[in-house]
1. List the GluC sites (Glu not before Pro) in region 1-104 that DSSP assigns to loop (not H, G, I, E or B) and whose Cβ has at most 13 other Cβ atoms within 10 Å. Which are they?
2. Would you kindly state how much longer the chain becomes between Ala93 and Tyr38 on full extension, computed as 0.36 nm times their sequence separation minus their alpha carbon distance, in nm to one decimal?
3. Which whole-number percent is the relative contact order of region 6-127 (Cα, under 8 Å, 6+ apart)?
4. What does the highest-first list of 33-42, 67-76 look like by mean Cβ count within 10 Å?
Amino acid sequence: MQPAPADAQANPPVMTVIRRGLARRCPNCGEGATLTGYLTCVPACGSCGEDFSHISADDGPAWATLIVVGHGLAPFLVILGRDETIPVWSAIAALAAMMLAGVWWCLPRFKGLFIALIWRTGATGEDVFDHPARPHSGHADHRTDDVRRPRDS
Ligand SMILES: [Zn+2]
């Protein structure tokens, strides 16, 4: 039996989307990459053509990275800080190296995760507020437009 085409899934399950996001793969097909280079988001999937141009992860990946890496380093901070046999300079160097390695590893994965979750939920943040300085983007859910606009009657 032939496998289904990559873009055949209309709405993949959330856990599949999370797994694909952490792998920095397209949440729709799981084949194309969501990032090029270290952190640059691609405008569309190179495999299925899914549009990512309206998705912005903003500070989400940095926030998640700080939460995970910070909590991961906390025990080492206590252990190295209390051990008087370890010179302070080596404790600082070890903590800095662990922090840099953790951030380097986590940040692109969390960016992929946020892109995938924003794609899945449609929570792009566009048109939440009808800011007068921002033109209408066209990505809005029209039901929210109806709520904000006065009726013609
Ligand atoms: Zn794709």
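1. Values: sites: Glu31, Glu50, Glu84; in loops: Glu31, Glu50, Glu84.
Counting only loop positions with at most 13 other Cβ atoms within 10 Å, the GluC sites (Glu not before Pro) in region 1-104 are Glu84.
2. Working: separation 55, 0.36 × 55 = 19.80 nm, distance 2.44 nm.
Contour length minus Cα-Cα distance gives 17.4 nm.
3. Details: 155 pairs, mean separation 43.7, N = 122.
Across region 6-127, relative contact order equals 36 percent.
4. Working: 33-42: 14.9, 67-76: 13.2.
Going from most to least packed, we get 33-42, 67-76.
Bear in mind these aren't lab numbers, they're just calculated from the coordinates by the rules spelled out. Since the structure is predicted, the reported quantities are computational estimates derived from the model, not experimental observations. Here the Cβ is made from the backbone with ideal geometry for all residues, glycine too, and neighbour counts use every protein chain on show.
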